[in-house]
Amino acid sequence: MIERIPNSNFRIPNFAIGIAAIIVCLLAGSAFWRRTAVDPSLTAFVRKGPLTARLTTTGILRPAQSITYRSPLAGREAEITELAPEGMLVNEGDLLVRLDTTELQRELERAHQEVRQSQLEVQVADIERREAEAALTGVSEGEGALAVAETRTRLQLADKKVERLRLEYEQLQPLLEKGFITRDELKKTADELEQSEEEAAITRKRADVVIKLSHPRERQRASLQLAQKQSALENTRAKALDARARLALLIERLEQCRIYARRTGLVVYEEFLGATPRRKIRVGDRVTGSQGIVTIPEVNRMLLEASVSEAEVHRVRTGLAAVVRVEAFPDLRLSGRVARVGSLARSSADRPFEDKRFDLIVELDSTPAELRPEMSARADIVVGTRSNALLLPITAIFDRQGQLVAHVVRPYGIEARPVDVGESSEALVEIVSGLTEGETVMLTDPGHAVVAAAPGGKIPAVDRAQRSQADRGRPYQPR
């Protein structure tokens, strides 16, 4: 029989317990080492360096300015006889459109005749005005003035004769009383005095008529005729000026029927409003001043019309530099600057629940490239620079339920650490807080990470927390 030893007397040696503890520690350390032994190609180091933050947007090229050329003949139709080819690059001064001038030529000849006739009428009116002026001078200073002077002289002579005869009569009366003269001699002197008084009275009346009535009336008539002739001369001159102005206008319109480019640009035909269905303008069409014929967009001064989301509009301001790439020219890089940022947000009528966007205008610098309106282009706008920022690849930042985290590789495992980010570029993001220089972070979410094989060729299992879908983060999308 086998004799059993009572359990109360069995004891495990102390050295065996120590050996077991050492084995457990080794296994645990091996497990931790295996857990943090990740593929180096799936990690990145937190480092310092310069950062240029860019905001990328796409849009359509538009000309900074375009000029639409129309017929200069307002209120009348004119036939197009010549057109520059559509799509042609024209320079300032190149011929764009030629209009038919047959009717204008006939009107121009009639205008020349009207000018010549008006010049003759001005000469005749000027002669008549001079004659009226001479007549007024004659009345005021010539024959009329002389007649007034003669009348006044005759009146003075008549008055003197009356005075002389009256004095003689008064002197003869005492001689008659003394008997030195006869009564007939005194009567003869009295008769002569009476006759001279009557003649003086008639002369005075005649002088009053000439001085107070006839001469002023003749002078007034001459002044009125002069005013009439002066007015007629001014009217004739005004008609002559109108005729010359009409002639000058016709000459100008005749020259304007050859429409030249005022700036460099591409020829684009306008739609012909008189055609059904609508078509572009062409030679032979009759156009009025309201019909656009050709439009010349200035392709050497282009704008990029784009938009920026509501979440990013605070990053953009007027004057920021931009690099523009045109889809039609993949190797072309154009420089430009933000010219305007919209003040009001807009949303699509078809998609009202999408993010609202603000208009963004980028003005391109002059370029020799043959850019065309409506070309698709992309602008990379420099929205910020950092000279010595703490940097990390964008792919190392994850959004876990609204919190940005970075998975830091630690000696004891992988730590999901919250971080704050700043500016970002296409590949890098600025770390404001949460990480320090030199730390190692994962480039993939640990739930999807490939862990390096542990010694012995076995791959350690990932714990449940890492495999939980709720704990897996979404890639960070920089704004």
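Remark: pairs (first residue in segment 366-394, in contact (Cβ under 8 Å) with a residue 24 or more places away in the chain and more than 26 Å from residue 440 (Cα to Cα); second residue part of a loop (DSSP other than H, G, I, E, B) and open to solvent by 40 Å² or more (accessible area, probe 1.4 Å); Cβ separation under 6 Å; 6+ apart in sequence or on different chains) = 366/300; 375/328; 376/327. Using the structure shown, decide if residue 188 is out of contact with any helix residue (DSSP H, G or I) (no Cβ under 7 Å at 6 or more places or on another chain) and either closer than 30 Å to residue 223 by Cβ or charged (D, E, K, R) (or both). Spelling it out, residue 188 is indeed out of contact with any helix residue (DSSP H, G or I) (no Cβ under 7 Å at 6 or more places or on another chain) and either closer than 30 Å to residue 223 by Cβ or charged (D, E, K, R) (or both).
For the condition over 28 Å from the mean Cα position of the chain (by Cα) and free of Cβ contacts under 8 Å to residues at least 24 places away in the same chain, what is the one hit in 433, 347? Going through 433, 347 in turn, just one is over 28 Å from the mean Cα position of the chain (by Cα) and free of Cβ contacts under 8 Å to residues at least 24 places away in the same chain: 433.
Among the residues of segment 178-195, are any small (Gly, Ala, Ser) and at positive phi? There is at least one residue in segment 178-195 that is small (Gly, Ala, Ser) and at positive phi. Among the candidates 68, 52, the residue that is part of a strand (DSSP E or B), of a type in the set (S, T, N, Q) and within 25 Å of residue 299 (Cα to Cα) is uniquely 68. Evaluated against (1) open to solvent by less than 80 Å² (accessible area, probe 1.4 Å); (2) over 30 Å from residue 133 (Cβ atoms); (3) assigned to a helix (DSSP H, G or I), residue 236 falls short on exactly one condition, (2). Identify the residue in segment 188-214 that is touching a Ser or Thr at 6+ places or on another chain (Cβ under 9 Å), open to solvent by less than 100 Å² (accessible area, probe 1.4 Å) and in contact (Cβ under 8 Å) with a residue 12 or more places away in the chain and, among all such residues, is farthest from residue 145 (Cα to Cα). Across segment 188-214, the extreme among qualifying residues is 203. Taking the stated definitions as given, is residue 388 closer than 30 Å to residue 272 by Cα and open to solvent by 40 Å² or more (accessible area, probe 1.4 Å)? Criteria not met by residue 388. With the condition kept exactly as written, say whether any residue in segment 110-124 is farther than 30 Å from residue 273 by Cβ and among the small types (Gly, Ala, Ser). Among the residues of segment 110-124, at least one is farther than 30 Å from residue 273 by Cβ and among the small types (Gly, Ala, Ser), which makes the answer yes. Taking the criterion of being surrounded by fewer than 16 Cβ atoms within 10 Å (Cβ to Cβ), in contact (Cβ under 8 Å) with a residue 60 or more places away in the chain and of a type in the set (D, E, K, R), the residues of segment 395-430 that qualify are 399, 410, 426. Which ones in segment 307-336 are more than 14 Å from residue 362 (Cβ to Cβ), part of a loop (DSSP other than H, G, I, E, B) and of a type in the set (D, E, K, R)? Across segment 307-336, the qualifying residues are 310, 312, 327. Within segment 287-306, the only residue that satisfies the criterion of being among the aliphatic types (A, V, I, L, M) and not in a strand (DSSP E or B) is 299. I'd like to check something: does segment 310-320 contain any residue that is at pLDDT 90 or above, open to solvent by less than 60 Å² (accessible area, probe 1.4 Å), within 23 Å of residue 66 (Cβ to Cβ) and not aromatic (Phe, Trp, Tyr)? Among the residues of segment 310-320, not one is at pLDDT 90 or above, open to solvent by less than 60 Å² (accessible area, probe 1.4 Å), within 23 Å of residue 66 (Cβ to Cβ) and not aromatic (Phe, Trp, Tyr), which makes the answer no. Residues in segment 179-227 that are of a type in the set (S, T, N, Q) and within 60 Å of the chain's Cα centre (by Cα): 223, 225. For residue 243, the conditions (1) in a helix (DSSP H, G or I); (2) touching a strand residue (DSSP E or B) at 6+ places or on another chain (Cβ under 9 Å) all hold with the exception of (2).
Matching residues to (1) assigned to a helix (DSSP H, G or I); (2) over 30 Å from residue 244 (Cβ atoms); (3) in contact with a Gly (Cβ under 9 Å, 6 or more places away or on another chain); (4) at pLDDT below 80:
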site: 113; (1), (2), (3), (4): yes, no, no, no
site: 120; (1), (2), (3), (4): yes, no, no, no
site: 159; (1), (2), (3), (4): yes, yes, no, no
site: 166; (1), (2), (3), (4): yes, yes, no, no
site: 177; (1), (2), (3), (4): yes, yes, no, yes
site: 184; (1), (2), (3), (4): yes, yes, no, no
site: 189; (1), (2), (3), (4): yes, yes, no, no
site: 211; (1), (2), (3), (4): yes, yes, no, yes
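Apart from one condition, residue 57 fits all of (1) open to solvent by less than 70 Å² (accessible area, probe 1.4 Å); (2) more than 36 Å from the chain's Cα centre (by Cα); the exception is (2). When segment 431-444 is filtered for residues that are part of a strand (DSSP E or B) and crowded, with 19+ Cβ neighbours inside 10 Å, the ones remaining, listed by number, are 431, 441, 442. Here residue 255 passes the criteria (1) farther than 30 Å from residue 81 by Cβ; (2) part of a helix (DSSP H, G or I); (3) open to solvent by 50 Å² or more (accessible area, probe 1.4 Å) except the one numbered (1).
The values are calculated or read from the model by the stated rules, or taken from the named source; none is laboratory data. Note that this is a predicted model, so its numbers are computed, not measured. Every residue, glycine among them, receives a Cβ derived from its backbone with ideal geometry; neighbour counts consider all protein chains shown. For accessibility, only protein heavy atoms count, side chains too; no ligands or nucleic acids. Shrake-Rupley method; radii C 1.70, N 1.55, O 1.52, S 1.80 Å.
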